[in-house]
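Below is one structure; the comments refer to it alone.
The values are calculated or read from the model by the stated rules, or taken from the named source; none is laboratory data. Note that the structure is predicted; figures quoted are calculated from it, not measured. Methodologically, a virtual Cβ is constructed for each residue, glycine included, from the backbone with ideal geometry; neighbour enumeration extends over all protein chains shown. Calculation scope for accessible area: heavy atoms of the full protein, side chains included, ligands and nucleic acids excluded. Shrake-Rupley method; radii C 1.70, N 1.55, O 1.52, S 1.80 Å.
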Amino acid sequence: MEHQKLKASYTCSMHPQIHKNEPGNCPVCGMILILQKSTVHEFPHQKAENAISTGVSVGDAIQKYTCPMHPHIMQDAPGKCPLCGMTLEPVANKIHGMANHTGMIADFKRRFYVVLALTVPVMLLSPMIQQWLNLQISFAGSQYFLLVLSSIVFFFGGYPFLKGLIDEAKVRNPGMMFLIGFAITVAY
């Protein structure tokens, strides 16, 4: 017979890898930690034995799953998020994803600077902007060049939002990515 007890754990909704046994603030972002109750084995040797028999390290023996869009949702088994229907991801992968948050920011910055550089010629070749600035810039094929540059701005710069639009439409739960993706599609 396996004995279990209920243990209170506090975690950050933005950093699910943070766990404390008492209330307080997240050491990363300063947000108030939220209460999360989980079942913990009373006998640590059983956890180690189960880990050895499955080939998983003792630290990874209890796997938690969280929603990428709602990190405060934590479950002991894989499944779907009760709020948005997205597939829950293992917390270990989420932690590596959080560590790669810098990579995501770098990707957004790179996209921003490329789009910013391409927006200048798009604006200068735009007939409405030329009329406002009382300019006359044109050359053979300038309209096609404008279409190509605008398409690069839309698809390259908008890719994360377009992907989010599709993902949120699939689960029939439109959110911010859906809104932004829809807006840039209409503008394009």
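Applying the selection to the range 1-24, what residues are small (Gly, Ala, Ser) and modelled with pLDDT under 80?
Within the range 1-24, Ala8, Ser9, Ser13 meet the criteria.
I'd like to verify a number: residues in the range 136-188 that are open to solvent by 90 Å² or more (accessible area, probe 1.4 Å), outside any helix (DSSP H, G or I) and out of contact with any Phe, Trp or Tyr (no Cβ under 9 Å at 6 or more places or on another chain), how many?
4
Quick one: is Thr39 modelled with pLDDT of 80 or more, farther than 30 Å from Val153 by Cα, touching a strand residue (DSSP E or B) at 6+ places or on another chain (Cβ under 8 Å) and β-branched (Val, Ile, Thr)?
Working: modelled with pLDDT of 80 or more: no; farther than 30 Å from Val153 by Cα: yes; touching a strand residue (DSSP E or B) at 6+ places or on another chain (Cβ under 8 Å): yes; β-branched (Val, Ile, Thr): yes.
The answer is no for Thr39.
Regarding Pro27, is this residue touching a His at 6+ places or on another chain (Cβ under 9 Å), over 24 Å from Pro174 (Cβ atoms), outside any strand (DSSP E or B) and at pLDDT 50 or above? Outline the logic, then answer.
On the way: touching a His at 6+ places or on another chain (Cβ under 9 Å): yes; over 24 Å from Pro174 (Cβ atoms): yes; outside any strand (DSSP E or B): yes; at pLDDT 50 or above: yes.
Judged against the criteria, Pro27 is a match.
Across the range 86-135, which residue is nearest to His15 (Cα to Cα) among those that are among the charged types (D, E, K, R), modelled with pLDDT of 90 or more and open to solvent by 40 Å² or more (accessible area, probe 1.4 Å)? Even if it seems obvious, please write down each step before you answer.
Within the range 86-135, the subset among the charged types (D, E, K, R) is 89, 94, 107, 109-111.
Of the ones still in play, those that are also modelled with pLDDT of 90 or more are 109-111.
Keeping just the survivors that are open to solvent by 40 Å² or more (accessible area, probe 1.4 Å) gives 109-110.
Values: Lys109: 22, Arg110: 25 Å.
My answer is Lys109.
Answer yes if at least one residue in the range 152-160 is among the aliphatic types (A, V, I, L, M), out of contact with any Cys (no Cβ under 7 Å at 6 or more places or on another chain) and farther than 23 Å from Pro68 by Cα, and no otherwise.
Yes - at least one qualifying residue is present in the range 152-160.
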